[in-house]
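What follows is one structure encoded as structure tokens, with my remarks underneath.
The values are calculated or read from the model by the stated rules, or taken from the named source; none is laboratory data. Computed from a prediction, not measured in an experiment: that's the story for all the values here. Counting neighbours? That spans all protein chains shown, and the Cβs are built from the backbone with ideal geometry, glycine included. Protein only, heavy atoms only, side chains kept; ligands, DNA and RNA dropped before computing areas. Shrake-Rupley method; radii C 1.70, N 1.55, O 1.52, S 1.80 Å.
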Amino acid sequence: MVTHHKSVTIQIKRYNPEEEKNSVDTFEVPMTHDLTVLDALNHIKNSEEGSLTYRWACRMGICGSCGAVVNGKPVLMCSTFCRDLKHPITVEPMRNFPVVKDLVVDIDNAMDKLRQALPYTTMMKNKAKLDHELIQSPKQREKIEQSSQCIKCMLCYSACPVYGMDQDHFVGPAAGALAKRYNDDNHDQIKEERMDSMTAKNGVWNCSFVGECSVVCPKKVDPALAIQKLKVMGVLHIIKSALTIRKKKKA
Amino acid sequence: MKFQEQKLGHFWWKQNLRYTIYIVRELSGVMIAIFIFGMFIHSFLNSLGWIASSEAPFWLATIGMTGALIHTITWLYVMPQLLPFKLTPVQQKIVYVFLLGIWLALSYLMLRSVY
């Protein structure tokens, strides 16, 4: 049973691309105990402002579509309850991304960073392994459990000031976690190529451990720790590569 | 139709406490650098006889020491988050207090051996 005790005030930062104008629109939404920010936006769109634009899909914190900055913190709107927030509630688009319209941002740059992590396994490098099934033990699966939870919501990129300051020379939190996930996968055969990519100039080195990415991650992937581990692996990789080159030169 | 670029403002570090602590941590490194370079310059000028006695070493050492203290305390806070095994937030705080204790104990022992 839905009971309307009171209403909640929601202030939404909007952007009109046709007029290239910003505005902050305020709406009153009937408050219920289980009202999420996404529910509130849907109510606003259905009853008051049909032009309000935002992304959403699953409504249950698994697709990563509904990321926004709510009361100054990057969150998934479907998993954020209005009862837990200070009122009035402010909703803004995710930071560090160009705004397309209202709360919709262009995440293409961050998606390109994910490609840099070579987020796939390949069996073609060692064809002998194709002769039998590729087994992964529960212990091996557990190793990639945490980093596999990433839903590519990009909240970590929104929270990362290093990415905000210099998008060209830092691969970013999610890409780092993704690279760690595939490095730890026992099926993986392209670790060296992936480490070449991660230890490049636009790799992981610019991370100075702000740590906010791990705080905002809705799936507790801990990308900050993943990047620090990648840095250690990166140093070993660079040393190994240098020694390998020396051996080849001597030969 | 144009996308609106969102630039990081100059005062982004005021958005939350974690950002502020991060900036303070980074700036503490600058304080240590001021001490090191300041002492180099002071020693150089002193060797040329261009300056007699001055309070500059005292103030440089104060800046350096303050920076070193802030740097140590803030990095020790971060260390439990970098361990290769998972810790709960409470466990991380316990490890932090433990690390602070070791640091203070070692500092005390070093001071006792010098003085």
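So which residues in the stretch B:21-49 are more than 30 Å from A:PRO161 (Cα to Cα) and open to solvent by 70 Å² or more (accessible area, probe 1.4 Å), if there are any at all?
So in the stretch B:21-49, the residues more than 30 Å from A:PRO161 (Cα to Cα) come out as B:38-49.
B:PHE40, B:ILE41, B:PHE44, B:ASN46, B:SER47, B:LEU48, listed by residue number.
For the stretch A:150-157, state whether one or more residues are farther than 21 Å from B:LYS86 by Cβ and within 12 Å of chain B (Cβ to nearest Cβ).
So in the stretch A:150-157, the residues farther than 21 Å from B:LYS86 by Cβ come out as A:152-154, A:157.
Restricting the remaining residues to those that are within 12 Å of chain B (Cβ to nearest Cβ) gives A:157.
Yes: one or more hits.
Residues being within 14 Å of chain B (Cβ to nearest Cβ) and either under 18 Å from A:PRO218 (Cβ atoms) or assigned to a strand (DSSP E or B) (or both): count how many of those fall in the stretch A:68-109.
Number of matching residues: 22.
With the requirement that a residue be away from chain B (no Cβ under 14 Å), part of a loop (DSSP other than H, G, I, E, B) and open to solvent by 50 Å² or more (accessible area, probe 1.4 Å), what does the stretch A:1-48 give you?
A:MET1, A:VAL2, A:THR3, A:HIS4, A:HIS5, A:HIS33, A:ASP34, A:GLU48
Filter the stretch A:165-179 for residues that are modelled with pLDDT of 95 or more and either more than 17 Å from A:TRP205 (Cα to Cα) or open to solvent by 10 Å² or more (accessible area, probe 1.4 Å) (or both) and give the result.
Scanning the stretch A:165-179 gives a single hit, A:LEU178.
Tell me which of these B:LEU82 doesn't satisfy, since it passes every other one: (1) touching a residue at least 12 places away in the same chain (Cβ under 8 Å); (2) hydrophobic (A, V, I, L, M, F, W, C); (3) loosely packed, with under 15 Cβ neighbours inside 10 Å; (4) closer than 19 Å to A:CYS213 by Cα.
If we test B:LEU82 against (1) touching a residue at least 12 places away in the same chain (Cβ under 8 Å); (2) hydrophobic (A, V, I, L, M, F, W, C); (3) loosely packed, with under 15 Cβ neighbours inside 10 Å; (4) closer than 19 Å to A:CYS213 by Cα, just (1) comes out false.
Being open to solvent by less than 30 Å² (accessible area, probe 1.4 Å) and either part of a loop (DSSP other than H, G, I, E, B) or more than 11 Å from chain B (Cβ to nearest Cβ) (or both) is the filter here, so list the residues in the stretch A:209-223 that pass it.
Matches in the stretch A:209-223: A:PHE209, A:VAL210, A:GLY211, A:CYS217, A:VAL221, A:PRO223.
Against the definition (under 24 Å from the mean Cα position of the chain (by Cα), more than 9 Å from every other protein chain (Cβ to nearest Cβ) and over 30 Å from A:ASP106 (Cβ atoms)), how does B:PHE11 come out, yes or no? Steps first, answer last, please.
Values: under 24 Å from the mean Cα position of the chain (by Cα): yes; more than 9 Å from every other protein chain (Cβ to nearest Cβ): yes; over 30 Å from A:ASP106 (Cβ atoms): no.
When the stated conditions are applied, B:PHE11 does not pass them.
Take the stretch B:85-96 and flag every residue that is in a helix (DSSP H, G or I), among the hydrophobic types (A, V, I, L, M, F, W, C) and surrounded by 11 or more Cβ atoms within 10 Å (Cβ to Cβ). Outline the logic, then answer.
Let us first name the residues in the stretch B:85-96 that are in a helix (DSSP H, G or I), namely B:89-96.
Still in the running and among the hydrophobic types (A, V, I, L, M, F, W, C): B:90, B:94-95.
Once the filter is applied, which keeps residues that are in a helix (DSSP H, G or I), among the hydrophobic types (A, V, I, L, M, F, W, C) and surrounded by 11 or more Cβ atoms within 10 Å (Cβ to Cβ), the stretch B:85-96 yields B:ILE94, B:VAL95.
Evaluate the following for B:TYR19: is it within 14 Å of chain A (Cβ to nearest Cβ), assigned to a helix (DSSP H, G or I) and within 30 Å of A:ARG95 (Cα to Cα)? Walk me through how you get there before you give the answer.
Numbers: within 14 Å of chain A (Cβ to nearest Cβ): yes; assigned to a helix (DSSP H, G or I): yes; within 30 Å of A:ARG95 (Cα to Cα): yes.
When the stated conditions are applied, B:TYR19 passes them.
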